[in-house]
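The next block holds one structure in the form of structure tokens; read it before the comments.
The values are calculated or read from the model by the stated rules, or taken from the named source; none is laboratory data. Since the model is a prediction, treat every value here as computed from it, not as a measurement. No Cβ is skipped: glycine too gets one built from the backbone with ideal geometry, and neighbour counts run over all protein chains shown. For accessibility, only protein heavy atoms count, side chains too; no ligands or nucleic acids. Shrake-Rupley method; radii C 1.70, N 1.55, O 1.52, S 1.80 Å.
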Amino acid sequence: TVMPEGIGAETQVMAASEGLSPNDVVNIFDDTGTTKCRKADATDATKPADGYVKAAVELGANATVYTDGYLPGSGLTVGSKYFLSADTPGTVTTTPPSGTGNIMQQIGKAVSPTAIKFEPLTPIVRA
């Protein structure tokens, strides 16, 4: 992307509390005073999506977390809404989670076959 000089994506650098894969959607949390990130998980109401990573990160290593922009993907359906997955932590799906206690959180909308405009909505806990 072409950004004016001095303007860039909104990012934060923090330690990963688990190994992360490229394009994982992550939750940012406070671990006894230290800001860390972990895979977002729709089966755990304490792990909504706050950002995403573009590169693999090992446990304990620093991750660059993007909190806006375009989440990379492949085979995406343009115009479809994507939600945090209840099946695989850190991933997104076009099917909103429906299990009791799952969080339904729209992550964004596919704007191309390879990009989702990252605009996470407030998660809703399923009753």
Give the stretch 70-87 a look and list any residue that's within 24 Å of residue 19 (Cα to Cα), open to solvent by less than 70 Å² (accessible area, probe 1.4 Å) and without any contact (Cβ under 8 Å) to a residue 40 or more places away in the chain, or say none.
82
Can you tell me which residues in the stretch 53-78 are of a type outside the set (A, V, I, L, M, F, W, C) and assigned to a loop (DSSP other than H, G, I, E, B)?
54, 58, 60, 67, 68, 69, 73, 74, 75, 77
Which one is nearest to residue 74 (Cα to Cα) among residues in the stretch 99-121 that are in contact (Cβ under 8 Å) with a residue 60 or more places away in the chain and open to solvent by 40 Å² or more (accessible area, probe 1.4 Å)?
120
Given the criteria open to solvent by 50 Å² or more (accessible area, probe 1.4 Å), within 21 Å of residue 115 (Cβ to Cβ) and either without any contact (Cβ under 8 Å) to a residue 60 or more places away in the chain or in contact with an Asp or Glu (Cβ under 6 Å, 6 or more places away or on another chain) (or both), does residue 35 qualify?
no
